[in-house]
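The values are calculated or read from the model by the stated rules, or taken from the named source; none is laboratory data. Note that this is a predicted model, so its numbers are computed, not measured. We place every Cβ from the backbone using ideal geometry, glycine too, and count neighbours over all the protein chains shown. With ligands, DNA and RNA removed, areas are computed over all heavy atoms of the protein, side chains included. Shrake-Rupley method; radii C 1.70, N 1.55, O 1.52, S 1.80 Å.
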Amino acid sequence: EMSSNETNVVNTMEYLFDHIAECLANFLEKLGIKNQKLPLGFTFSFPCQQTKLDESILVSWTKGFKSHGVEGRDVVSLLRKAIKKRGDFDIDIVAVINDTVGTMMTCGYDDHHCEIGLIVGTGTNACYMEEMRHLELVEGDEGRMCVNMEWGAFGDDGALDDLRTDFDREIDAGSLNPGKQLFEKMISGMYMGELVRLILVKMAKEDLVFKGHTTPDLLTTGHFQTSFVSAIENDKSVGLVSAEKVLRGLGLDPSGEDCVATQRVCQVVSTRAAHLCAATLVSVLRQIRDNKAAERFARRLHKMVRRLVPDCDVRFLRSEDGSGKGAAMVTAVAYRLATQHAERQRILDALRLSREQLLEVKRRMGEEINRGLAKESHDQATVKMLPTYVRSTPDGTEHGDFLALDLGGTNFRVLLVRVRGGKRRSVEMHNKIYAIPQEAMQGTGEELFDHIVHCIADFLEYMGMKGASLPLGFTFSFPCHQNKLDQGILLKWTKGFKATGCEGEDVVSLLKDAIHRREFDLDVVAVVNDTVGTMMTCGYEDPLCEVGLIVGTGTNACYMEEMQNVELVEGDEGRMCVNMEWGAFGDHGELDDFSTEFDRAVDDCATNPGKQRYEKLISGMYLGEIVRNVLLEFTAKGLLFRGKLSERLKTRGIFETKFLSQIESDRLALRQVRSILQHLGLTSSTCDDSILVKEVCSVVARRAAQLCGAGLAAVVDKIRQNRNLSELKITVGVDGTLYKLHPHFSSIMHETVRDLAPQCEVTFLQSEDGSGKGAALITAVACRIRDAGQR
């Protein structure tokens, strides 16, 4: 058998057939039958002109072969000559056939109704049993003969020019046979990987994937193999894992969205190939149908379909009165769909907020801000407006090495931050990430802080600084009451933490105790909230930055308030950064009239029911759960997933917020949305289900962004009023995965702030590591002020 090994073959005629003869000799010797004269069938899978069964004249090479001197010659004679030249064995060549004909004959041995052969591999071709009366190249009208179509050359006359793309033309131009086998180059395995590579290169150059980066491997012809396409197209998560592995093998550093986009490109290329192949196969089927009586064809079609897809229960029904009964059925279905659509929109309308409602949220937030600042009402306020004792931003003279700790979620970071002042001021950072085990999050405070100190010791050893005593800033992203910069009394745990013996305690003391138990020393200078760190980091770049905002796992904000309004701290001069802890807004019912049954279900099942109500409407930790509860309601009412409630959908936490970002991506087709749903175990989902899931994600995320924007509008308007300005120009430093990764959250939030606070010109600046770099900068400023006071 001779076809292709998926590489270009260019050599002389003698070398090629001598090599075939040598392979044949080795095979016969291995089986111990070299001295026997056996009949041989030669499968030669290239376009040939045959006048008899044992003669085959090569018309043209395909699939990368280019052996000189063979085209126009009888390949049987060439092989006989090579065998005779060896003289160590003899073979009787009885038939030379195309692999497509061989395929049909093999299946025909098991099913005598098999009359079509199809190959879709390195190359592509088809054959079928045609009526002799239609074959003008062969004499005789009786019976039938198998026709080798050589359909890979379809389109060589320009018939496919309107379907071919620039990528197809580029592949053709770089091939060994430009202008030939154009249909094969759109379908077959030899070219599919290269098509995907060319598309990815173009997308990268247009900054749609890989952050606009390419690599030498990605730019090299043949480095994206067709086998990669099959691995990446796996419907389950293993497909995305394969995509990441392949892309990294090409020297790229892909994001999750890059992997999804690559999988989509593979799907588009292979789907087009399948559809083109199906369309041409339909032409063959129509030819056969026209050649035979309709009933005989139908019976054979049914039988072949069932043989080709034995795992599908296929039934063919003949329609009766399609124009009458059918019209009535269409009407009934349309009525059902309209009713279901109206019910879905009624449910989703509860999650849609009007401008008047958003203005009311802004007004109520403003009231709670004032209640939190005032000493008399502070204890009853939900927005605590906690003083941070951060009163100065960097002036450029800070310098030295500082440690920063960042605890705010399920991961914990230790950083070494080197601050250099002067004209060439810079901040250099080294960090390592450690997981916080569930048992530490929900065990005792001593266990939690011992784990933190263990991570610090490991980091210092990793950096070659074991035993070093450095100033330390502790980013502790939980509600704290501070009486000074290096003290933080934990008011309550949030974000799933429940370690005992910590609430009401000074976290700096808890940290120092754990450090002493480890028997080394560190200078804890500042307790920092991640929101304040974000503001300080952006303030290092932009002096107008006086607001910090986090929208990630949780949400919070801080801003520079006038000292005269911060009644919990003595003194009226200057300003102080206030940690709002606005996630608790609504804990006294301020948001009850905007909450839905889905929000209440999420709150009831949370580790802190009744707490952090505003955060539960906005932050990444909860949006996926809101979506899941809406999908449960839709399914229970028969509006989604055909009313089939899967166990997987009942599982809390299955719908991670990252899936919202992926599903809402403008570059993601519905088939990939469906792929995500199947990855979540929702295997019965349809494209219609995907459309609806995407709409639910959009409505939930839009509401979150608008509510966040309404709260921020209250903050910037408060600053404007504090300063008696008709117009305020201010920058907001922002951090958090939801803000950074969701495709629409930031733009909707910006639009809401502009609409609800029209007298404020707000610029948004994304923070670069506020919880790490920011903590170090606050520590550096504190050390500068402390050192100046000691001189």
Check your understanding: How many residues, within segment 121-169, are modelled with pLDDT under 85 and over 19 Å from Q287 (Cα atoms)?
Key -> 5
Check your understanding: What residue, of R306, R299, is farther than 30 Å from H679 by Cα and either modelled with pLDDT under 85 or in contact with a Cys (Cβ under 9 Å, 6 or more places away or on another chain) (or both)?
Key -> R299
Review point. Can you name the number of the only condition in (1) open to solvent by less than 30 Å² (accessible area, probe 1.4 Å); (2) of a type in the set (S, T, Y); (3) outside any helix (DSSP H, G or I) that T683 fails?
Key: (1)
Review point. Being charged (D, E, K, R), at positive phi and either assigned to a helix (DSSP H, G or I) or buried (at least 19 other Cβ atoms within 10 Å of the Cβ) (or both), is that true of even one residue in segment 246-255?
Key: no
Practice item. Show the residue pairs that are 6+ apart or on different chains and have beta-carbon atoms under 7 Å apart, the first residue being within segment 478-495 and in the same structural domain as L511 (by the TED database) and in contact (Cβ under 8 Å) with a residue 40 or more places away in the chain, the second being among the β-branched types (V, I, T) and surrounded by fewer than 20 Cβ atoms within 10 Å (Cβ to Cβ). Key: C480/I489; H481/I489
Check your understanding: Out of (1) open to solvent by 40 Å² or more (accessible area, probe 1.4 Å); (2) over 20 Å from L195 (Cβ atoms), what's the single condition that is false for E131?
Key -> (1)
Check your understanding: Is one or more of the residues making up segment 386-409 in the same structural domain as D523 (by the TED database) and over 28 Å from D542 (Cβ atoms)?
Key -> no
Point to revise | Inter-residue pairs, beta-carbon under 6 Å, first closer than 22 Å to C697 by Cα and in segment 721-742, second assigned to a strand (DSSP E or B), 6+ apart | key: D735/I550; G736/I550; G736/V551; L738/V551; Y739/V551
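Evaluate segment 184-191: report whether one residue or more is among the acidic types (D, E) and surrounded by fewer than 19 Cβ atoms within 10 Å (Cβ to Cβ). Before you say what the answer is, go through the steps one by one.
Within segment 184-191, the subset among the acidic types (D, E) is 184.
Subset that is surrounded by fewer than 19 Cβ atoms within 10 Å (Cβ to Cβ): none.
Among the residues of segment 184-191, not one is among the acidic types (D, E) and surrounded by fewer than 19 Cβ atoms within 10 Å (Cβ to Cβ), which makes the answer no.
Within the group G239, G222, which residue is open to solvent by less than 10 Å² (accessible area, probe 1.4 Å) and over 11 Å from V269 (Cβ atoms)? Spell out how you get there, then give the answer.
Numbers: G222 fails: open to solvent by less than 10 Å² (accessible area, probe 1.4 Å).
Step by step, each of G239, G222 is checked, and only G239 is open to solvent by less than 10 Å² (accessible area, probe 1.4 Å) and over 11 Å from V269 (Cβ atoms).
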Point to revise | Test result for K180, free of Cβ contacts under 8 Å to residues at least 40 places away in the same chain and open to solvent by 20 Å² or more (accessible area, probe 1.4 Å) | key: no
Check your understanding: Can we say S747 is of a type in the set (S, T, Y), open to solvent by 10 Å² or more (accessible area, probe 1.4 Å) and under 26 Å from the mean Cα position of the chain (by Cα)?
Key -> yes
Point to revise | Members of segment 617-667 that are over 22 Å from D735 (Cα atoms), polar (S, T, N, Q) and open to solvent by 20 Å² or more (accessible area, probe 1.4 Å) | key: N629, S646, T651
Review point. Tell me, which residue of segment 389-414 that is β-branched (V, I, T) and modelled with pLDDT under 90 is surrounded by the most Cβ atoms within 10 Å (Cβ to Cβ)?
Key: V390
Study note, to complete from the structure: When restricted to N177, N125, N148, the only residue of a type in the set (S, T, N, Q) and in contact with an Asp or Glu (Cβ under 8 Å, 6 or more places away or on another chain) is N125
Practice item. Return the residue satisfying two criteria in turn: it lies in segment 414-448 and is in contact (Cβ under 8 Å) with a residue 12 or more places away in the chain and of a type in the set (K, R), and of such residues it is nearest to R518 (Cα to Cα). Key: K432
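Please work out which residue is surrounded by the most Cβ atoms within 10 Å (Cβ to Cβ), limiting yourself to segment 559-595 and to residues that are of a type in the set (D, E) and part of a strand (DSSP E or B). Let's see the steps before the verdict.
If we filter segment 559-595 for residues that are of a type in the set (D, E), which is where we start, we get 561-562, 567, 570, 572-573, 581, 587, 590, 592-593.
Those still in the list that are part of a strand (DSSP E or B) too: 561-562.
Details: E561: 22, E562: 17.
Filtering first and then ranking leaves E561.
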Study note, to complete from the structure: Going through (1) of a type in the set (A, V, I, L, M, F, W, C); (2) open to solvent by less than 10 Å² (accessible area, probe 1.4 Å); (3) in a strand (DSSP E or B) one by one, C538 fails only at (3)
Study note, to complete from the structure: Going through (1) under 35 Å from the mean Cα position of the chain (by Cα); (2) among the charged types (D, E, K, R); (3) open to solvent by 40 Å² or more (accessible area, probe 1.4 Å) one by one, E461 fails only at (1)
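L118: under 28 Å from M304 (Cα atoms), at pLDDT 75 or above and crowded, with 16+ Cβ neighbours inside 10 Å, yes or no?
On the way: under 28 Å from M304 (Cα atoms): yes; at pLDDT 75 or above: yes; crowded, with 16+ Cβ neighbours inside 10 Å: yes.
In short, yes.
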Point to revise | Scope segment 735-787; condition aliphatic (A, V, I, L, M) and in the same structural domain as L549 (by the TED database); matching residues | key: A775, A776, L777, I778, A780, V781, A782, I785
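Among the listed residues A342, A374, identify the single one that is outside the structural domain of T779 (by the TED database) and within 40 Å of the chain's Cα centre (by Cα). First the steps, then the outcome.
Working: A374 fails: within 40 Å of the chain's Cα centre (by Cα).
Within the list A342, A374, the selection yields A342.
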Check your understanding: Within segment 437-449, is even one residue closer than 30 Å to D379 by Cβ, part of a helix (DSSP H, G or I) and open to solvent by 30 Å² or more (accessible area, probe 1.4 Å)?
Key -> yes
Review point. Has segment 46-56 got any residue that is in a loop (DSSP other than H, G, I, E, B), without any contact (Cβ under 8 Å) to a residue 40 or more places away in the chain and among the charged types (D, E, K, R)?
Key: no
